[in-house]
Amino acid sequence: MSKMKAVLQTEFGGIETLYIGETEMPVVNENEVLIEVHYAALNRADLLQRKGKYPPPKGESEILGLEASGIVKQVGKNVKHFTPGDRVMTLLAGGGQAEYVKADQRLVMHVPNSLTLEQGAAIPEVFLTAYQALFFEGKTKFGSTVLVHAGASGVGTSAIQLAKARGCKVICTASAAKHDTCKNLGADLAIDYKTQDFAQAVKDFTKERGVDIILDFIGAPNFVRNLDSLAIDGRLVLIATMGGIRLEEFNIRSILTKRLKIQGTTLRARSNAYKQELIQAFSADFLPDLASGKITPIIDSVLDWNDIQKAHKCMEANKNVGKIVLKVK
């Protein structure tokens with residue numbers, strides 16, 4: 001069987017376990033596309049998987065990487081919309097940080113001619129996660145007020161832009177050094193989570209009304225203040241639990257009195273049929289805006305994939321604003 005290079009691990013653990021090594025090439029079935037990867041992007045899920053805390057879904061590649069861009073090299077006999085030579089980007093459950101990756105045709109998108117492959121790698125996971133949280137789960141409508149935590153992250157910068165494109169007011173939390181980026185993307189208010197009480201800042205900004213939707217990645221440390229920040233009939237969409245999963249205690253009364261909805265969501269383990277529906281809806285709603293430059297992927301840095309340890313270190317230190325992209329070819 002043919003071989004390729006990929007980001008591999010000696011064992012679960014720290015960044016020192018990562019290296020570029022040789023492994024078997026993927027083999028496509030009749031419904032899959034083989035992509036020569038030019039760029040792959042780094043996500044928080046990769047850091048968790050590296051530590052042994054977020055395994056890939058059963059049957060998926062154990063190689064890191066949830067999104068990639070490149071050139072189609074081979075297609076299965078049932079593939080209809082892609083041919084060798086096409087510039088594409090794809091959502092993955094794993095395998096993106098390699099010289100080649102296979103993808104279900106339903107999860108592959110053409111990269112608009114106006115965008116580079118570098119930009120294409122920074123789109124699928126974060127924009128689809130943000131789109132799912134805002135519109136599939138959060139039921140965001142024109143004129144809603146949205147609070148986006150981790151506003152300078154990959155998903156955060158995507159969510160700010162998508163919400164503003166739908167005529168929403170956007171509040172975000174981020175460290176002070178990242179506020180200008182968030183505001184330039186359209187945030188109406190940026191809150192320094194290190195020095196400010198975001199719940200009080202939200203009340204002040206909304207004149208005590210609260211926000212309609214909250215996208216949260218932090219979990220337990222934010223939970224009580226999130227409920228306090230929501231307006232009547234507000235929705236909390238929990239995307240991750242980076243800050244912890246356990247609460248000492250909290251009063252559930254506001255859930256009843258404000259008729260709140262609390263929704264957890266993931267994307268990686270969803271069915272390909274669900275992901276196809278999500279991709280089709282996102283493509284219809286926002287791919288033209290990406291092509292025109294009305295919204296854009298925010299790239300913090302592009303590193304050679306041989307610097308994979310440096311990339312993980314940077315993300316763990318929360319130094320990046322937007323995406324860290326790995327140059328594979």
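For Val37, neighbours were defined as the other residues whose beta-carbon sits under 9 Å from its Cβ, and their charges (Lys and Arg +1, Asp and Glu -1) total -1. Of the trypsin sites (Lys or Arg not before Pro) found in region 170-229, the ones in coil according to DSSP and having at most 16 other Cβ atoms within 10 Å of their Cβ are Lys194, Lys207, Arg209. Applying a DSSP loop filter and a limit of 13 other Cβ atoms within 10 Å to the chymotrypsin sites (Phe, Trp or Tyr not before Pro) in region 1-90 leaves Phe12.
Near the amide H of Leu230, within less than 5 Å, lie the amide hydrogens of Val211, all on another chain or at least 5 residues away, with H placed in the peptide plane.
Taking region 155-257, which chymotrypsin sites (Phe, Trp or Tyr not before Pro) meet the DSSP loop condition and have no more than 15 other C-beta atoms within 10 Å?
Those that pass, being in a loop and sparsely packed, are Phe250.
Annotation: Cα Rg of region 61-208 relative to the compact-globule expectation 2.2 N^0.38 Å equals 1.24.
Evaluate Rg over Rh across region 197-329, taking Cα atoms for both radii and Kirkwood's formula for Rh.
1.04
DSSP bridge analysis restricted to the chain gives an antiparallel fraction near 55%, rounded to the nearest 5.
Within the chain, which DSSP H helices have Cα atoms that stretch 15 Å or more along the helix axis and a mean Kyte-Doolittle hydropathy of at least -0.5?
Both cut-offs are met by 154-165, 272-292.
Taking Cα pairs under 8 Å and at least six residues apart, what relative contact order does region 29-70 come out at, in percent? Relative contact order here is 56 percent.
Average projected area of the Cα convex hull of region 12-58, in nm²? If you can, show how the numbers build up before the last one.
On the way: hull surface 18.8 nm².
For region 12-58, the mean projected area of the Cα convex hull comes to 4.7 nm².
Taking 0.36 nm per residue of separation and subtracting the Cα-Cα distance, full extension of the segment from Ala220 to Lys141 would add 25.8 nm.
Please list the three semi-axes, largest first and in whole Å, of the ellipsoid equivalent to region 132-217, using sqrt of 5 times the eigenvalues of its alpha carbon gyration tensor.
Value: 18, 15, 11 Å, ordered largest first.
Sorted fewest first by neighbouring Cβ atoms within 10 angstrom, Ile255, Ile214, Ile324 come out as Ile255, Ile324, Ile214.
At 25 °C and 0.890 mPa s, what whole-number value in µm²/s does Stokes-Einstein give for the translational diffusion of the chain, with Rh from the Kirkwood sum over Cα pairs? Write out the running numbers ahead of the final one.
Working: Rh = 20.2 Å.
Answer, rounded: 121 µm²/s.
If you take all other residues with their beta carbon under 13 Å from the beta carbon of Val170, and give Lys and Arg +1 and Asp and Glu -1, the sum is +2. Only DSSP H runs of four or more residues enter the estimate; each adds -39500 (n - 2.57), and after division by the residues of the chain the mean residue ellipticity at 222 nm equals -7500 deg cm²/dmol. Scanning residues 5 or more positions from Gln263 or on other chains, those with amide H under 5 Å from its amide H are Leu236, Val237, Leu238, with H placed 1.01 Å from N in the peptide plane. Within the chain, what is the longest stretch that has no GluC sites (Glu not before Pro) placed in a DSSP loop and near at most 11 other beta-carbon atoms within 10 Å? Of all site-free stretches, the longest is 31-207. Val27 versus Ser254, label points 7 Å from Cα toward the beta carbon: distance in nm? It is 5.6 nm. Can you find, among Gly52, Gly244, Gly95, the residue sitting farthest towards the positive end of the charge dipole of the chain, where Lys and Arg contribute +1 and Asp and Glu -1 at Cβ? Of Gly52, Gly244, Gly95, it is Gly244. In region 234-291 the Cα-Cα distances spread across 5 Å bins starting at 0 as 4, 12, 13, 18, 18, 12, 11, 8, 3, 0 percent of all pairs. Full extension of the chain between Leu303 and Ala269 yields a length gain of 9.5 nm, computed as 0.36 nm times the residue separation minus the alpha carbon distance.
Pairs of Cα atoms nearer than 8 Å and 6+ residues apart set the relative contact order; for region 99-229 it is 22 percent. Lys323 sits among other residues whose Cβ lies under 11 Å from its own Cβ, and their net charge, with Lys and Arg +1 and Asp and Glu -1, is -4. GNM remark for the chain: springs join alpha carbons under 10 Å apart, and the peak mean-square fluctuation among Asp188, Asp300, Asp204 falls on Asp204. Only the Cβ atoms of Lys and Arg (+1) and of Asp and Glu (-1) were treated as charged; on that basis the dipole of the chain about its Cα centre amounts to roughly 660 debye.
No lab work stands behind these numbers, since they all come straight from the coordinates. Note that this is a predicted model, so its numbers are computed, not measured. Every residue, glycine among them, receives a Cβ derived from its backbone with ideal geometry; neighbour counts consider all protein chains shown.
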